[in-house]
1. Could you pull out every residue, at least 5 positions away or on a different chain, whose amide H is within less than 5 Å of the one on Lys286? Hs are placed 1.01 Å off N in the peptide plane, and Pro or chain starts have none.
2. Calculate how steeply helix 48-79 sits against the longest principal axis of the alpha-carbon atoms of the chain, using the helix alpha-carbon long axis, and give the answer as 0 to 90 degrees to the nearest 10.
3. Show me, bin by bin at 10 Å from 0, the whole-percent P(r) of the stretch 174-320 based on Cα pairs.
4. Give me, ordered by chain and number, the residues 5 or more places off Arg267 or on other chains with an amide H under 5 Å from its own placed amide H.
5. Any idea what Rg and Dmax come out to for the stretch 229-305 if you just take the C-alpha atoms, in Å?
6. For the chain, take the longest principal axis of its alpha carbons; what is the angle in degrees between that and the long axis of helix 144-158, to the nearest 10 within 0 to 90?
7. Which longest uninterrupted range of the chain lacks any chymotrypsin sites (Phe, Trp or Tyr not before Pro) assigned by DSSP to a loop state (not H, G, I, E or B) and surrounded by at most 16 other Cβ atoms within 10 Å?
8. So the label point goes 7 Å from the Cα of Thr126 along Cα→C-beta, right? Which residues of the stretch 201-229 then have their backbone N under 11 Å from it?
Amino acid sequence: MSNYSDTQKKVIILAALVGIIALLHYATPTEPHYFHKIHIILRKLYFLPPVIAAAWFGFRGAIITTTTVSVLFLLHAFLDWPGNYMEQANQLGELAGFWLAGLISGRLFDRQRSLLMDLATANEETLIGLVSALDLREHNTRMHSQRVRDYTELIADRLGVDEKMKREIGFGALLHDVGKIAVPDQILLKPGKLTDEEWIEMRKHPEAGYRIVKRIGFLKDAAEIVHAHHERYDGKGYPRGLKGNEIPWGARMFMVADAYDALTSKRPYKSPLPYEEAVIEILNQKGKQFDPEVVAIFLIIAPDELRLIAERYQDGDLPS
Ligand SMILES: [Fe+2]
């Protein structure tokens, strides 16, 4: 079933479930009495597909499934309509029950889904607020981390990463420098070269960021990227000197994205490089700072796609 999408798989499972229940229901005879008991028990299973459909597809899915179940149920009732009133009332009551189960759970699952989406949006906005404040402090811009996030996600997309992992990698890219909150202003904002002691202090920021981010439940994978965002493919990075595939995949994607943004962005001390020159700089570091596979994928991305991201998150005019 690997060729099917997640949705297709769920539809197939649901259809198979309805089919099996209907088959059992139709195949078990209503006479003698002993079989009739089993027949009635099997009939109750029709409650299951509407609720599963509600959980997987919400209100609309529940209506479609409940309609299918009702048609199958009514057809059987039509073919084998019981003689006594109690059993007739029982069957009609069950039919009404299918609809109540389907409609109520459909509504509730829809509501749950929309609340979860609101929560995810709120989380994301909080994180963006935090990194914007940090970007403003260090770079005098607010958009660096958001651009890097989108560049990283674009690379991840071209490398065939699934949506869930892409989102986690995106959060890692967004939060990469969050540990700089622990670096004192006189070091972080120093205009000249840093002394050896100051470098030691500066190089603590991936570790500090890791400690902050790993405490947040949904950011476990993002924390690994934060930890490894200054590693180098050739093993000469910091803090752990990881090499090649030891570096988390997302961090290897981030490195190229971050370098591209640094090269093509305007900073108080430098003007931005055009795409072509930035690419030459990145190619120079292929196999040294950067994973060659990530660089190869990055070169396939159309410059216009990158430009679109840069335009979406413009820094505006910087105060000198
Ligand atoms: Fe950093």
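Values quoted throughout were computed directly from the atomic coordinates according to the rules given, and no laboratory measurement underlies them. Worth saying up front: this structure is predicted, and the values here are computed from it rather than measured. Methodologically, a virtual Cβ is constructed for each residue, glycine included, from the backbone with ideal geometry; neighbour enumeration extends over all protein chains shown.
1. Under 5 Å from the amide H of Lys286: no residue qualifies.
2. 20 degrees
3. 11, 33, 40, 16, 0
4. none
5. That works out to 12.6, 36 Å for Rg and Dmax.
6. For 144-158 against the chain, the angle is about 60 degrees.
7. On the way: sites that count: Tyr4, Tyr269.
Answer - 5-268.
8. 216-218
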